[in-house]
Number of protein chains: 2
Amino acid sequence: MAVTIHDVALLAGVNSSTVSRVINGKATITPDTKERVYAAMRELDYHPNSLARSLASGLSGAIGVVVNARDAEAFSNVFFSRSLFAIEQAAQARGYQVIIANGAQSRGGTIENLMKEHKVDGLILPPTTVKPALMETIGDFPYVVLGTPDTLRSETCWVDNNNEQGAEMAVRHLQKQGYQRIAYLGGHLKRGFTKRRIRGYQNANGGTEIILTTDGTAENAYMLAVGELKKAEHPDAFVCNDNLAAFGLLKACRELRLPVPREIGIVAFDNYPLAEYMDPPLTIVDIDTAMLGEQSVQLLFRRIENKVGNQQIMLSANLVIRASSERKAK
Amino acid sequence: MAVTIHDVALLAGVNSSTVSRVINGKATITPDTKERVYAAMRELDYHPNSLARSLASGLSGAIGVVVNARDAEAFSNVFFSRSLFAIEQAAQARGYQVIIANGAQSRGGTIENLMKEHKVDGLILPPTTVKPALMETIGDFPYVVLGTPDTLRSETCWVDNNNEQGAEMAVRHLQKQGYQRIAYLGGHLKRGFTKRRIRGYQNANGGTEIILTTDGTAENAYMLAVGELKKAEHPDAFVCNDNLAAFGLLKACRELRLPVPREIGIVAFDNYPLAEYMDPPLTIVDIDTAMLGEQSVQLLFRRIENKVGNQQIMLSANLVIRASSERKAK
DNA sequence: ATCAATTATGCAAACGGTTGCACGATGTAT
DNA sequence: ATACATCGTGCAACCGTTTGCATAATTGAT
């Protein structure tokens, strides 16, 4: 039915192997025949069958992006979705396809199938998958973890943004703005990145530590913030683990009539699209997801081509300063 | 290197074709041999090579989800990301892989390659791709449009939620709550779904029509809302095209000291995670993205299996009533 | 002009499955 | 007991490429 390499060969008056070599640029071909082959390809509207090609070459031409999502929210998480965009771009630039696979439901089989059934040449994994058992089944299959694994940190291959440095930067910025009692709000300690952010907060924060972790909802952050702000000696600034926490905090400040940024300063992690439209616009520790995605793909390809061993890449975070932390009048 | 079907056959003492039949359940096999084959597969940790399988069977075992994204925001768009989650789930349940492909940059080649290089068995397309030229190259290749195409509406295959009915419902709800002058805020007329939502708004809104379309930013919505609300005879309720518009509107109401929902009622499209944490929590026209994704995959498979011709599926929207539209005290 | 080195292309065997056809074994009806 | 349908399995061709090896054609040096 479909036009094959043999049809092209026939029309060009050459052998199919010659056509293959023209396509892949694998050998020296006379300009004349090369031209005839191209002409034949054009005339027949030939598209090589990627399945046959993969089978013969042993390369699937795809990478898998694994995500542990219990519900749809994990997909709309800006960190994931923006990284995914960058990953797709970088992969497409190399002629690679991106397969997404949710590994949460079927217990672990997903990753194993993707590699063992030759569906992908490499994997981008979430840090939660890094466990000794899985690493064993992965063996020396090329993979990159997007984020810092909690365990096996130095023996695995990962790319992450520097959460610790980001939090430090946030605290130092607030201090420079004259805020004195800086608290940390939001996030759950079972997530590694929250722990690292809190460590950064602690590094930079010489004074009293006030750490309020939540169940991840804005509602919970709101309640904790209200409780804390009602105290006599309450914080005058917060580093928020995400925009949801900042949202809850803003609501608390409104209700308690504590103007932001005059009375309360706020810096939040993750640059949600709404952050700059909030009231006041939020100062943000921005994660360069484009770079993160791009770097993870680059590293993965180096692994696929066997050019490097395990490597760790840490990108630094940037502060996007908006009104919510600008106490000093300009 | 890898263990093949022949290794399994050898160990089980049968022919490879028998192993194939056991795997695919394509023929009647003696329970005894079936058991021997399974045992051999287990012992050798056999995983069939999906590439070989695809080549022989002519089915890639993957569907492609195409998106026209200029930037990363299109990926974090809740409509897209939630649908994607549902699509992945539904596909995985059938043993299918999901390939995502951004078609915006390379002008059309993406879709063509995906189908002609046998990378996917079917496509899920965004409505913006539906143009005569592309439909011609697609031919009778199985596809489903996720959303209503602006053109060729009755000749294509699509799944969408009923934006028109959703907007009608929003207006009727506001009317029942006693609001009189209802305006429409947000969205761009070049987007088909915005046009349909506005049509629904017009259907239900007997009175004066006030339609304020924006460039899609919250900032723009805010400015338009302020302008409108400063007029002597200003609207007392808004249907917002999305959460960004609602966000801008809320800011305008705060500044002009028009309490929501007492003075101004608000219903917005799209259930963003933050919507229920806004102040006040937003009443929402909720789109059942899970159902939308599930249905689009189901329809796509029916097309792949050649069971049906072009079909259109329209799902109805639901109203999630929260404080922003509840004028009547309970 | 001869021979070696190089270049361009063909041949055929993989890659690892699926599947139509054939055939022996078993079961059923007469 | 014979004929015929059914069941279970093997054989081998095929899916559409890639690629190592062989060979024909070309070039260059002597």
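The values are calculated or read from the model by the stated rules, or taken from the named source; none is laboratory data. None of the values given here were measured: they were computed from a predicted structure. Backbone-built Cβ (ideal geometry, glycine too); neighbour counts: all protein chains shown.
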In the stretch B:113-127, residue nearest to residue B:152 (Cα to Cα) [restricted to those that are among the charged types (D, E, K, R) and in contact (Cβ under 8 Å) with a residue 40 or more places away in the chain]: B:121
Set B:100, B:87: member being assigned by TED's automatic domain parsing to the domain that holds residue B:125 and not in a strand (DSSP E or B): B:87
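Residue A:25: modelled with pLDDT under 95, more than 10 Å from DNA strand D (Cβ to nearest atom) and on the phi > 0 side of the Ramachandran plot, yes or no? Give the steps one after another, and end with the answer.
Working: modelled with pLDDT under 95: yes; more than 10 Å from DNA strand D (Cβ to nearest atom): yes; on the phi > 0 side of the Ramachandran plot: yes.
Taking the combined requirement at face value, the residue satisfies it.
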Matching residues, the stretch B:53-68, being buried (at least 20 other Cβ atoms within 10 Å of the Cβ) and either away from DNA strand C (no atom under 16 Å from the Cβ) or in a strand (DSSP E or B) (or both): B:62, B:63, B:64, B:65, B:66, B:67
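Please list, ordered by residue number, the strands (runs of 3 or more DSSP E) wholly in the stretch B:249-330 having 3 or more residues that are more than 18 Å from residue B:179 (Cβ to Cβ) and in contact (Cβ under 8 Å) with a residue 24 or more places away in the chain. Write out each step before concluding.
Numbers: elements: B:265-269, B:283-286, B:312-315, B:318-320.
By residue number, B:312-315.
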Output for the stretch A:228-251, where each listed residue is crowded, with 21+ Cβ neighbours inside 10 Å, small (Gly, Ala, Ser) and away from chain B (no Cβ under 11 Å): A:237
Residue within the stretch B:217-233 that is farther than 22 Å from residue A:71 by Cβ and not assigned by TED's automatic domain parsing to the domain that holds residue B:180 present: no
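Looking for whichever is at positive phi and at the interface with another protein chain (Cβ under 9 Å from one of its Cβ atoms) here; the options are A:95, A:61. Which one fits?
Details: A:95 fails: at the interface with another protein chain (Cβ under 9 Å from one of its Cβ atoms).
One residue alone meets the criteria, A:61.
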Candidate set: the stretch A:3-47, residues that are more than 8 Å from DNA strand C (Cβ to nearest atom) and of a type in the set (Lys, Arg); chosen: the one nearest to the other protein chains (Cβ to nearest Cβ): A:42
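Quick check, is residue B:78 more than 16 Å from DNA strand C (Cβ to nearest atom) and touching a strand residue (DSSP E or B) at 6+ places or on another chain (Cβ under 8 Å)?
Details: more than 16 Å from DNA strand C (Cβ to nearest atom): yes; touching a strand residue (DSSP E or B) at 6+ places or on another chain (Cβ under 8 Å): no.
Judged against the criteria, residue B:78 is not a match.
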